[in-house]
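Bear in mind that the values in this text are calculations on the coordinates, not laboratory data. Predicted, not measured: the structure shown is a model, and the values here were computed from it. When we count neighbours, we look across all protein chains shown, and the Cβ atoms used for this are built from the backbone with ideal geometry, even at glycine.
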Amino acid sequence: MSHAAVATHDHDHDHKPKGFVKRWLMTTNHKDIGTLYLIFALTMFIFGGALAMIIRLELFQPGLQFVQPDFFNQLTTMHALIMVFGAVMPAFVGFANWMIPIMIGAPDMALPRMNNWSFWILPFAFTMLASTFFMDGGAPAAGWTLYPPLVLQGGQNLAYAVFAIHMLGISSIMGAINVIATIMNMRAPNMGYLKMPLFVWTWLITAFLLIAVMPVFAGAVTMLLTDHYFGTSFFNAAGGGDPVLFQHIFWFFGHPEVYIMILPSFGIFSEIIPTFARKPLFGYVSMVYASAAIAFLSFIVWAHHMFSVGMPFGGELYFMYATMLISIPTGVKVFNWVSTMWKGAMTFETPMLWAIAFVILFTIGGFSGLMMAIAPVDFQYHDTYFIVAHFHYVLVSGSVFAIIAGVYYWIPKWTGNMYSERLGKIHFWWSAISINVLFFPQHFLGLAGMPRRIPDYSTQFAEFNMWSSIGGFAFGLAQIFFIIIVIRTIKGKGTTKATDRVWEGAKGLEWFIPSPAPHHTFQDGEAVKDEQLAHVSTH
Amino acid sequence: MNKTVLKTALAAVLMFGFAFALIPLYNTFCEITGLNGKTSGQVAEDILITQTVDENRVITIQFDASVNSKLNWEFRPTEFEMQVIPGKLYKTEFYAKNLSNSEITGRATYSVTPRVASLYFNKTECFCFTEQTLKAHEEVIMPVTFIIDSKLTEDINLMTLSYTFYKLES
């Protein structure tokens, strides 16, 4: 790298491999792989976002203006698949790679070569998935839930979609194994389990969820594949199979999957809020137990996604109550975040603004989820825009906000440059307002009966859809602005040098290494000191 | 560390198998609970011994038949409704005809509504899931004999037995 960088950080003699192929393609360095994951996720976020922009463009007015219904269905399906598996999940794996070894004082991930594989599978998987847009019959169009028999009637894209899912499943499982092996075996001396940062804890739990459910999803899509090409009848009523069975298997994966996407964001915010409230996290141990409880409950509530398939009353009651139970550990978490802020010496730097917006907006999303948990009324909300509003409130203002907040929080550590606080705040307010213009009216649309996944709608929905589209375009544009901020920060334009500690009084091992983080850290295996840690449990 | 990796990798493989294990689990679960309208296939006539017949209780059984659009057959029940007394053996017939000019094999699936009633619907002879080959324009009469279990709950006095014929793709 440049001599200037070496001159300003003379302690930073890091032996980075030279040349693109050696540095990036063959890298086994957890920080470089983390960077690759984050860049990949950002690329997919833009791609998936572009698809969403076309969706909002078509829905700007009633009637068909820009795309045909079949292509519209491809858009909604691919938007979801790409955002879930291409943007949110890889972004969190990127954070895990960058931060977990640093946070627990490990020199690298436990299995660095496998780590390289986990990443480099992804671009191929998504090239394969995206290539279906150019095939006869187009991309998968049966929704990201891939319900048969519809998904089996959509042409040859199924094979591509299934293999892409297999590959990214393998990638996720390898990533999860790596995270577990790292956390369980490579913690520095004196880094006990109950001293670990919450981001590490939530990722440990997420990794177990991934190992438990990604293979189930792989199995389900394999059955779709053999039903389509090899004459099996897993989901084919004609051969004695049952299409509803697919929904059970899918949601046995699908519900833990939504917690796979939210638990790491709980972790990120549990790091950010104490830093800017200048208080230790309230109820650290209860946060750990609440995360584990959420993970456990996620396995026993799946059928609340399918109340309307026809279920006996006993089943509906059970799944309704079990689902409502989740609001208890989630409520514990929200309570703890608010209590952490209570009487804290708060300052409102950009990461903290995102965190506060998250606590409020995620709670709105949680409450609309609770509404849908009520089986008798779910029949009205099912497959309407109400569910679209719900899962975007939890996924965008939950997971995506966490990713953005995490980038602002740690990018000074990653690049050594402090991002522009002014631009960051503009980005925040721009996004926080537009996201509500985008998704809040969709609650009303759903309650009024507008179904999801349709390109055209009745005229009484016109006004809210127009608002929603305007909000959508504004939110999309704000994220382009975010990319500009990130690039400026990396290049050091309009930025200041970051200090090692970055945030006043910040705790956690990452703030006790230089900024930018050297290529290799924690090589010596020294014991960590309690006073460096954010959470020193009294237990 | 090798131990951790081995254990987690093994867990992943087992969970892949679990996805497939869910199918027999699901079917067994549905048969035991009667969810999904699945009845437990064919039963022996011995079941008659265990029945306590109440001549005053009469319930209505409706028969329904449909053909998947890919199968060029005519398929209908010979009688649409039947009054039965729980605990007694009854017989009805379904009629099928191949309308095409070639030999076709079909297979029927069935369900009982209301779903919980499927637990009490015992077929002693039926054509569920058996492959039925009909030559061009061949007709066939297919019998179904059944006993409605006398333990049928009081609130049910109407049941529908529905068959759908699908073309068997080779």
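Kirkwood-type hydrodynamic radius, the stretch A:48-131: 15.3 Å, calculated from all non-identical alpha-carbon pairs. The charge dipole of the protein assembly as shown, taken about its Cα centre with unit charges on the Cβ of Lys, Arg, Asp and Glu (plus for the first two, minus for the last two), comes to roughly 2560 debye.
For A:Phe246, A:Phe473, the sequence from fewest to most other C-beta atoms within 10 Å is A:Phe473, A:Phe246.
Ordering A:Ser118, A:Ser458 from the fewest to the most neighbouring beta carbons within 10 Å gives A:Ser458, A:Ser118. Sorted on the mean count of surrounding Cβ atoms within 10 Å across their residues, most packed first, peptides B:5-12, A:148-155, A:192-199 read A:192-199, A:148-155, B:5-12. Toward the positive end of the charge dipole of the protein assembly as shown, about the Cα centre and with charges on Cβ (Lys, Arg +1; Asp, Glu -1), which of A:Gly494, A:Phe391, A:Phe246 goes farthest? The one lying farthest along the dipole's positive direction is A:Gly494. Shape class for the stretch B:38-167, computed from the alpha carbon gyration tensor (a ≥ b ≥ c): prolate, with a/c not under 1.5 and a/b above b/c.
Listed by Cβ neighbour count within 10 Å, with the fewest neighbours leading, A:Asp378, A:Asp530, B:Asp64 appear as A:Asp530, B:Asp64, A:Asp378.
Calculated on the Cα set of the stretch A:71-206, radius of gyration then Dmax: 18.0, 59 Å. Between the listed residues A:Pro112, A:Val359, A:Val258, the Cα displaced farthest toward the positive end of the dipole of the protein assembly as shown, a dipole computed from Cβ unit charges relative to the Cα centre, is found at A:Pro112. In chain B, with Lys and Arg counted as +1 and Asp and Glu as -1 at Cβ, which of these residues, B:Ser102, B:Val13, B:Tyr120, has the Cα nearest the positive end of the dipole, that is, farthest along it? In chain B, that residue is B:Val13.
Of all the C-alpha pairs in chain A, what % are more than 32 Å from each other? Distances greater than 32 Å cover 43 percent of the Cα pairs. Given bins 10 angstrom wide, list per bin the percent of all Cα-Cα distances in the stretch A:168-208, short to long. Histogram of Cα-Cα distances, whole percents per bin: 29, 53, 16, 3. Taking only the Cα atoms of the stretch A:412-518, the ratio Rg/Rh comes out at 1.21, with Rh defined as the Kirkwood radius. Taking label positions 7 Å along the Cα-Cβ direction at both B:Phe80 and B:Leu25, the computed distance is 4.4 nm, reported to one decimal. What residues of the stretch A:55-79 lie in the reach of a label at A:Thr459, counting those whose backbone N is under 20 Å from a point 7 Å from the Cα along Cα→Cβ? Taking a point 7 Å out along Cα→Cβ of A:Thr459, the residues of the stretch A:55-79 whose backbone N falls under 20 Å are A:58-66.
Tell me the mean residue ellipticity at 222 nm calculated for chain A from its helices only (DSSP H runs of n ≥ 4, each -39500 (n - 2.57), averaged over every residue, nearest 500). Dividing the helical sum by the residues of chain A leaves -21500 deg cm²/dmol. The mean number of Cβ atoms from other chains found within 10 Å of a Cβ in peptide B:18-26 is 6, as a whole number.
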